[in-house]
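Reviewing the structure listed below.
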Amino acid sequence: MKKKLIFSAALVLSLGLAACEEDKAKEEPKTEETQQSVSAEAIDIDMTIANDKSIPLEKRIAKIATDLFGTTTIDGSDRNITVESMGHIYYLKMMNDDAATKKNALDYAQRNTVELLKVLKDVEDLSNIQINWQAYFNNTNPGSAMTVLFKEKDFDKIDKANFKTSDLKEMATYYHAT
């Protein structure tokens with residue numbers, strides 16, 4: 001009897017909270033800010049800045065990564081976005097969001113690499129980039145979750161409307177996942 005009473009109370013409370021949230025949602029008009037948080041596709045990258053050659057390419061790549069993924073991971077850690085260049089290759093390294101398993105870390109890295117490459121494809125003076133996602137795998141030092149190298153010929157293969165995570169291995173000059 002006591003279990004039924006507790007379950008009933010929890011059910012009534014849940015339904016009451018859901019109704020309150022529904023009423024609140026009806027009252028609050030959707031603003032541009034709330035609409036952007038609903039869909040990741042709503043992130044707007046200023047390609048004028050991304051293609052402004054008066055700004056070093058390293059800074060433009062870092063800004064794009066920051067605009068897409070933020071400066072902190074889901075758990076509040078610093079994303080540590082760094083971009084370096086050696087000759088005509090740019091090296092982007094950043095922290096992956098905390099994942100409970102290596103599979104989750106890889107899934108996250110692949111999805112976000114696809115989103116990043118869709119934007120980087122339109123950076124006019126970028127020809128070669130290596131993207132390295134770092135993650136903590138149950139230890140204190142980060143390790144590589146995934147690394148891809150895309151060269152100019154690889155960018156030409158990207159069809160932004162149909163580019164999927166399963167395409168990364170086939171399109172990249174180099175692909176390695178932990």
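For region 90-98, the count of residues that are among the charged types (D, E, K, R), at pLDDT 95 or above and within 18 Å of the chain's Cα centre (by Cα) is nonzero.
With respect to (1) crowded, with 19+ Cβ neighbours inside 10 Å; (2) out of contact with any helix residue (DSSP H, G or I) (no Cβ under 9 Å at 6 or more places or on another chain), the lone exception for Lys102 is condition (1). Taken over region 126-137, the residue count meeting the criterion of being at pLDDT below 95 and either surrounded by fewer than 19 Cβ atoms within 10 Å (Cβ to Cβ) or among the aromatic types (Phe, Trp, Tyr) (or both) is 3.
Checking each residue in region 138-148 for being buried (at least 17 other Cβ atoms within 10 Å of the Cβ) and either touching a residue at least 40 places away in the same chain (Cβ under 8 Å) or not assigned by TED's automatic domain parsing to the domain that holds Leu117 (or both) picks out Ala145, Met146.
The set of residues from region 44-76 being surrounded by fewer than 17 Cβ atoms within 10 Å (Cβ to Cβ), closer than 28 Å to Ala99 by Cα and either outside the structural domain of Val123 (by TED's automatic domain parsing) or not hydrophobic (A, V, I, L, M, F, W, C) (or both) comprises Asp44, Glu58, Lys59, Thr66, Asp67, Gly70, Thr71, Thr72, Asp75, Gly76. Against the test of being over 16 Å from the mean Cα position of the chain (by Cα), without any contact (Cβ under 8 Å) to a residue 12 or more places away in the chain, in the same structural domain as Ser54 (by TED's automatic domain parsing) and surrounded by fewer than 16 Cβ atoms within 10 Å (Cβ to Cβ), the options Glu170, Glu152 yield a single qualifying residue, Glu170.
The values are calculated or read from the model by the stated rules, or taken from the named source; none is laboratory data. The structure presented is a predicted model; accordingly, all values stated were derived computationally and were not measured. Methodologically, a virtual Cβ is constructed for each residue, glycine included, from the backbone with ideal geometry; neighbour enumeration extends over all protein chains shown.
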